[in-house]
Amino acid sequence: MTTKNMPFPVQAHAPTLRPGLVLGACLLLFMVAASLSALRVNVTQGFDELAHLSYVAEIQDANGAAVPLERLRLLDPATMQWTDNDNYLNHPAPYYQLMAAMAPRLTGVGAGAVIILHFANVAIVGIGLLLMLGFGRGLVRADAEWIALALNLCCVRLLIELAGAVNNDNLAFLGGGALLFGLGRYLRRGALGDLLLACIGLIVASLAKLTGLMLCGGTLAALLMLLVWTGKRMPLLHLGVVLLAFAVATWPFVAFWLAYGSPAPDTFAQQSLLRDGAAAAGWAGQARMGFPAYVLMFLTSFVEGWMPVLSERTGLQWGALAIPACMLILAMDGIKRAGVAVLVQRRRDPLAMLILAGGGAAAGVMLVHILFSYQRHLATGWMMDAYPRYYLPLLPIVPLAALYAIRSLPDARHRRLARGLMAGAPLFFALIG
């Protein structure tokens, strides 16, 4: 019997999902979840939001001008009036100046002004996420990889919760998205405009916080070195643009160093937070941990931080923490394979180069993060520095590195299974978190 005579037509190929449909569905899923989170008005729960709002209110009271860190105060969350308590934040002012211009006066008002800022942050993160999705779309090979990547970017519970809060990590995330999107296009086209976008991303992330500068600046610097290693000659104009961007990006922290002796000022309020917090938690009187034990504790806390909860975790939630742990392990294998491709074989593979540059930058920041945090632990007993939200500006590097590792599997069935598990895992993790 021929196909024409059959009662039902036979399809030569199974239908496939359109990439645009996947993108739209994932973005809609994220924006709805983040918007629901934005309706939360309890500023005392999660991500130090009261301190960030207080910084915004200080800027508003100063008519948009930056305020010296030692003069920052905290608001009373019940009345939104000033207290005598010092604010412990030690970040540059631009993010808070942006927030101050977006909302009515915070001092003495109800939840309305706070919700306005919550939705402003949802928009900031949404734009950053769109840039990261565009960055990843230019690097994946097939729709199956694209679906796995999109779900791993849009179903991060930590990012959903953070997007609905006032926090400078959101601006750093936007900067990271612009940096990666620009670098991905620059590797494929070599256009100055793409490099300019990447440099703008570096500046935006750096104006948010020091880790934004370290992550994005480290990625950009590493990628330029890899281009040289693989035989690429960059025009002098391009190098000049990068150097200018680094000068602008580092200036806030040079100013901090000149004023406070450190790019991360150890203000009196910072010292009080660590000292009093460690005493209240009972850590101050305990024997200090050895460095290997502290590293293990830090990494364990880092994985736990991917599932922010305000109550005791259930057994299922504890078990689900294996998902981000496995993703990180798989990503490390992908970074290793990318290193072989670029450093040993000298292949100018855009995906491998970006994985290696971003992974190397994140590893370098993690090392500094651990050493810095351990010194604070030795001094005060403090044990709460392993915050994964600091690394969100390079979020796509982890799933892309995992996909790169999956490509190395010799059996096509195993590759399909691994991609399927990778696509379903973030949905499961977000639902039970």
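The values are calculated or read from the model by the stated rules, or taken from the named source; none is laboratory data. These numbers were taken from a predicted model, which means no experiment stands behind them. Heads up, the Cβs are rebuilt from the backbone with ideal geometry, glycines too, and the neighbour counts pull from every protein chain shown. All accessible areas refer to the heavy atoms of the entire protein, side chains included, with ligands and DNA or RNA removed. Shrake-Rupley method; radii C 1.70, N 1.55, O 1.52, S 1.80 Å.
Summary of computed values
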quantity: Segment ARG275-ARG233, length gained on full extension (0.36 nm per residue, minus Cα span); calculated: 10.0 nm
quantity: Sulfur and carbon atoms: percent of accessible area, the chain [1.4 Å]; calculated: 67
quantity: Percentage relative contact order, region 177-257, counting C-alpha pairs under 8 Å, at least six apart; calculated: 30
quantity: Computed accessible area, SER37, all protein chains, 1.4 angstrom probe, square angstrom; calculated: 10
quantity: Sites ALA379 and VAL254, calculated FRET efficiency, Cβ-Cβ separation with R0 45 Å, nearest 0.05; calculated: 0.95
quantity: Heavy-atom accessible area order for HIS414, HIS238, largest first, 1.4 Å probe; calculated: HIS414, HIS238
quantity: Selection of trypsin sites (Lys or Arg not before Pro), region 224-300, meeting DSSP coil and at most 13 other Cβ within 10 Å; calculated: LYS232, ARG233
quantity: Heavy-atom accessible area ranking, 1.4 Å probe, most first, across ILE203, ILE59; calculated: ILE203, ILE59
quantity: Contour minus Cα-Cα distance for THR300 and ASP266 (0.36 nm per residue); calculated: 9.6 nm
quantity: Disulfide-incompatible cysteines by the Cβ rule (no partner under 4.7 Å) in the chain; calculated: CYS155, CYS199, CYS216, CYS326
quantity: Gain upon complete extension [LEU28, ALA221; 0.36 nm per residue less C-alpha separation]; calculated: 66.1 nm
quantity: Relative contact order (%) - the chain, alpha-carbon pairs under 8 angstrom, separation at least six; calculated: 19
quantity: Label selected from [x] 24, 56, 17, 2, 0; [y] 24, 59, 16, 1, 0; [z] 24, 47, 22, 7, 0, the criterion being P(r) over Cα pairs in 20 Å bins from 0, in percent as computed here; calculated: [x]
quantity: Accessible area per residue, Å², the chain with all protein chains present, probe 1.4 Å; calculated: 45
